[in-house]
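What follows is a single structure, written as structure tokens, with notes after it.
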Amino acid sequence: MAAQDAHVADRALETFQGLEAAFVRCLEQAKAQGDLAAHADPRKLGAMLLAVMRGLEAVGKAGMAEASLRGMVETAFEGLPVAPKRRR
């Protein structure tokens with residue numbers, strides 16, 4: 001629908017940008033608190049998390065098994081550059 005309606009496309013983009021900004025804020029806070037590695041880029045990671053979230057929505061709607069979806073989420077979070085002192 002967004003491809004045919006400029007207003008819908010604008011709203012979708014605003015929504016995605018808002019979600020990404022929320023991820024970035026959380027990641028910046030995690031970095032400030034020492035939970036995220038010093039070299040981590042919250043903006044790039046925020047964009048990656050948005051992509052993972054949207055991908056999960058797509059494959060979930062397509063009928064992917066819940067166990068597979070959980071595995072994808074776990075893998076995404078395992079890939080975050082956690083500060084060495086915080087890794088468990």
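The values are calculated or read from the model by the stated rules, or taken from the named source; none is laboratory data. Since we're looking at a predicted model, the values are computed, not measured. Because the Cβ atoms are built from the backbone with ideal geometry, glycine has one as well, and the counts that use them run over all protein chains shown. Accessible surface areas use protein heavy atoms only, side chains included; no ligands, DNA or RNA. Shrake-Rupley method; radii C 1.70, N 1.55, O 1.52, S 1.80 Å.
Does the chain come out rounded, prolate or oblate, given a ≥ b ≥ c as the square roots of the eigenvalues of its C-alpha gyration tensor, rounded meaning a/c under 1.5 and, failing that, prolate meaning a/b above b/c? Can you show the working numbers first?
Numbers: a/c = 3.93, a/b = 1.43, b/c = 2.75.
Here the chain falls in the oblate category.
Taking amide H as placed 1.01 Å from N in the peptide plane, Leu36 has its amide H under 5 Å from the amide H of Lys31, Ala83, each at least 5 places away in sequence or on another chain.
Using a simple spin-label model with pseudo-atoms 7 Å out from Cα toward Cβ, Ala32 and Ala9 lie 3.6 nm apart.
Summarising the label geometry, the points placed 7 Å from Cα in the beta-carbon direction at Ala62 and Arg43 lie 3.1 nm from one another.
Only Cα pairs within less than 10 Å get springs; with that Gaussian network setup on the chain, which residue of Gly46, Gly71, Gly34 has the largest fluctuation? Checking each option, the largest mean-square fluctuation is seen for Gly71.
Taking all Cα pairs closer than 8 Å and separated by 6 or more residues, the relative contact order of the chain comes to 29 percent.
Carbon and sulfur atoms: what percent of the 1.4 Å accessible area of the chain do they account for?
Details: 3690 of 6350 Å².
Result for the chain: 58 percent of the exposed heavy-atom area is carbon or sulfur.
By the rule of a C-alpha distance below 26 Å, with chain neighbours fewer than 8 residues away ignored, the lysines paired with Lys85 are Lys31, Lys44.
Each Lys and Arg adds +1 at its Cβ and each Asp and Glu adds -1 at its Cβ; summed about the Cα centre, the chain shows a dipole of about 440 debye. Of the whole protein surface, Lys44 contributes about 150 Å² of accessible area at a 1.4 Å probe radius.
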